[in-house]
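Have a look at the structure below before the remarks.
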């Protein structure tokens with residue numbers, strides 16, 4: 001009878017532990033989700049409010065990804081991770097204080113390109129210890145200078161033509177705004193009110209996340225929450241390895257050709273990858289053979305290329321796998337220095353989604369050879385465009401930014417989804433919304449609709465792209481990336 005009671009007690013404790021672990025995992029995930037949604041709702045840019053080009057994540061004090069928002073785009077996951085690692089190299093954690101908030105956008109210090117600004121807030125314990133975690137947010141802010149409004153510098157040949165470069169800097173020190181930094185940002189924008197509003201939205205999202213994580217630290221203790229984080233990462237890694245073991249061991253090759261960099265019209269660029277699956281639940285991705293970095297703005301910084309790799313692998317395996325460091329623990333990636341997927345400064349990176357998409361397509365091609373039953377055809381790329389001008393008669397500058405998507409490629413078992421943007425930016429961004437744009441800008445959206453028969457015929461057709469027609473009601477400059 002005593003042994004039976006002991007067994008029941010142990011079973012009940014195991015059940016309670018499992019339930020608590022699941023509660024904490026979901027709390028961390030929801031903290032990131034809430035932060036991402038707050039940024040979108042608080043942003044001053046219609047592009048963010050309606051397009052949701054936003055990311056949010058909880059990270060630990062060493063720069064490991066703990067939880068990533070899946071309510072917004074997934075394609076910035078590695079940027080927040082790498083930006084934090086760059087931050088703590090330049091501003092050590094022992095110098096940080098409660099109420100500090102940092103920002104940076106340098107593509108060669110974890111960033112993506114000038115207009116994608118990352119904000120990071122350290123999370124301390126109630127006793128002032130720490131920081132134990134960081135809350136990170138990132139969006140494409142309205143405008144930070146450069147050759148073209150909105151950061152769509154299609155003809156840029158270096159990072160300086162793409163906009164202002166921010167190294168890791170304080171936005172707030174102990175809760176007080178670093179006014180000089182805010183002034184510099186404001187003075188380098190064509191739309192100062194919008195860009196300041198966007199950065200305040202980033203801070204708001206980080207603040208909400210930080211509060212949620214502080215609540216978890218208070219409830220479970222520093223050591224208790226740390227153990228739950230380790231368990232969460234281990235759980236994710238185990239799921240990744242389980243899926244990878246389902247692939248036949250071997251090395252598989254994929255490639256993708258880019259038509260042009262926008263500068264040299266007749267020059268193509270190649271992205272090559274060798275994907276090795278040892279059979280032990282790991283995956284090696286070697287981009288040796290990829291062309292050197294381009295003069296044009298298609299280069300992908302290390303963090304953005306890494307985001308693309310993780311997105312392609314994880315979503316090919318099982319998109320329900322959580323987004324955290326456990327995913328990275330299964331990857332061994334080689335990005336040759338000075339190549340399209342790991343350029344040297346001051347390479348232009350504003351159109352990096354071209355190379356990121358090429359890298360993802362190459363990976364999917366290789367994995368499709370390994371598992372034909374899961375094969376996925378090539379997908380449409382995102383087309384980001386901007387229109388800007390000064391309203392006639394009122395001297396008021398305006399900037400419209402939006403995206404159109406191609407469809408997802410056909411799968412081995414079904415048609416590809418229409419115009420989802422799923423294979424670019426993580427499938428959480430949205431196409432132009434008619435009413436908000438017409439209300440705020442001198443444009444008339446004549447139509448935005450699926451482009452019929454654009455997916456390609458076959459047993460399973462590819463997803464349809466988008467057909468958008470916009471009538472300008474004032475003088476404007478149009479740029480397409």
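The values are calculated or read from the model by the stated rules, or taken from the named source; none is laboratory data. Computed from a predicted model, the values in this text were never measured in an experiment. All Cβ positions, even for glycine, are placed from backbone atoms using ideal geometry, and neighbour counts span all protein chains on display.
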*Can you find even one residue in the stretch 78-94 that is in a loop (DSSP other than H, G, I, E, B), under 13 Å from the mean Cα position of the chain (by Cα) and surrounded by 20 or more Cβ atoms within 10 Å (Cβ to Cβ)?*
no
_Qualifying position, being at pLDDT below 95 and either surrounded by fewer than 24 Cβ atoms within 10 Å (Cβ to Cβ) or within 25 Å of residue 83 (Cβ to Cβ) (or both), among 341, 354_ = 354
_If the requirement is being touching a residue at least 24 places away in the same chain (Cβ under 8 Å) and touching a strand residue (DSSP E or B) at 6+ places or on another chain (Cβ under 7 Å), which of these qualifies: 117, 195?_
117
*asked:* Just the residues that are touching a residue at least 60 places away in the same chain (Cβ under 8 Å), farther than 22 Å from residue 384 by Cβ and not in a loop (DSSP other than H, G, I, E, B), please, taken from the stretch 323-356.
replied: 325, 326, 327, 328
*Restricting the stretch 383-421 to residues that are touching a helix residue (DSSP H, G or I) at 6+ places or on another chain (Cβ under 7 Å) and assigned to a loop (DSSP other than H, G, I, E, B), which is farthest from residue 433 (Cα to Cα)?*
412
_Yes or no: the stretch 431-441 includes at least one residue that is at pLDDT 90 or above and more than 22 Å from residue 194 (Cβ to Cβ)._
no
*State whether one or more residues within the stretch 286-299 are in contact (Cβ under 8 Å) with a residue 60 or more places away in the chain, more than 22 Å from the chain's Cα centre (by Cα), part of a strand (DSSP E or B) and not assigned by TED's automatic domain parsing to the domain that holds residue 410.*
no
*Mind listing whichever residues of the stretch 187-202 are under 24 Å from residue 56 (Cβ atoms) and surrounded by fewer than 19 Cβ atoms within 10 Å (Cβ to Cβ)?*
193, 196, 197, 200
*Determine which single condition residue 242 fails, assuming it passes every other condition in (1) over 26 Å from residue 39 (Cα atoms); (2) touching a strand residue (DSSP E or B) at 6+ places or on another chain (Cβ under 9 Å); (3) in a helix (DSSP H, G or I).*
(2)
*How many residues are surrounded by 24 or more Cβ atoms within 10 Å (Cβ to Cβ) and at pLDDT 95 or above when one looks only at the stretch 145-161?*
1
*Within the stretch 265-285, can you find the residues that are in a loop (DSSP other than H, G, I, E, B), under 30 Å from residue 140 (Cβ atoms) and at pLDDT 95 or above?*
267, 268
*Look at the stretch 148-178 and say how many of its residues are more than 23 Å from residue 387 (Cα to Cα), more than 21 Å from the chain's Cα centre (by Cα) and either free of Cβ contacts under 8 Å to residues at least 60 places away in the same chain or in a loop (DSSP other than H, G, I, E, B) (or both).*
4
*asked:* Tell me yes or no: at least one residue of the stretch 359-378 is buried (at least 21 other Cβ atoms within 10 Å of the Cβ), under 23 Å from residue 145 (Cβ atoms) and modelled with pLDDT under 95.
replied: no
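Yes or no, residue by residue, for (1) outside the structural domain of residue 142 (by TED's automatic domain parsing); (2) at pLDDT below 95; (3) touching a helix residue (DSSP H, G or I) at 6+ places or on another chain (Cβ under 6 Å):
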{"position": "224", "(1), (2), (3)": "no, no, no"}
{"position": "251", "(1), (2), (3)": "yes, no, no"}
{"position": "257", "(1), (2), (3)": "yes, no, no"}
{"position": "262", "(1), (2), (3)": "yes, yes, no"}
*Output the qualifying pairs, or none if there are none: Cβ atoms under 7 angstrom, residues six or more apart or on different chains, first residue in the stretch 68-81 and under 17 Å from residue 104 (Cα atoms), second residue in a loop (DSSP other than H, G, I, E, B).*
76/112; 77/323; 79/110; 79/111; 79/112; 81/63
*Is it fair to say residue 385 is surrounded by fewer than 24 Cβ atoms within 10 Å (Cβ to Cβ), within 30 Å of residue 471 (Cα to Cα) and in contact (Cβ under 8 Å) with a residue 12 or more places away in the chain?*
yes
_Could you go through the stretch 46-56 and let me know if any residue there is at pLDDT below 95 and part of a loop (DSSP other than H, G, I, E, B)._
yes
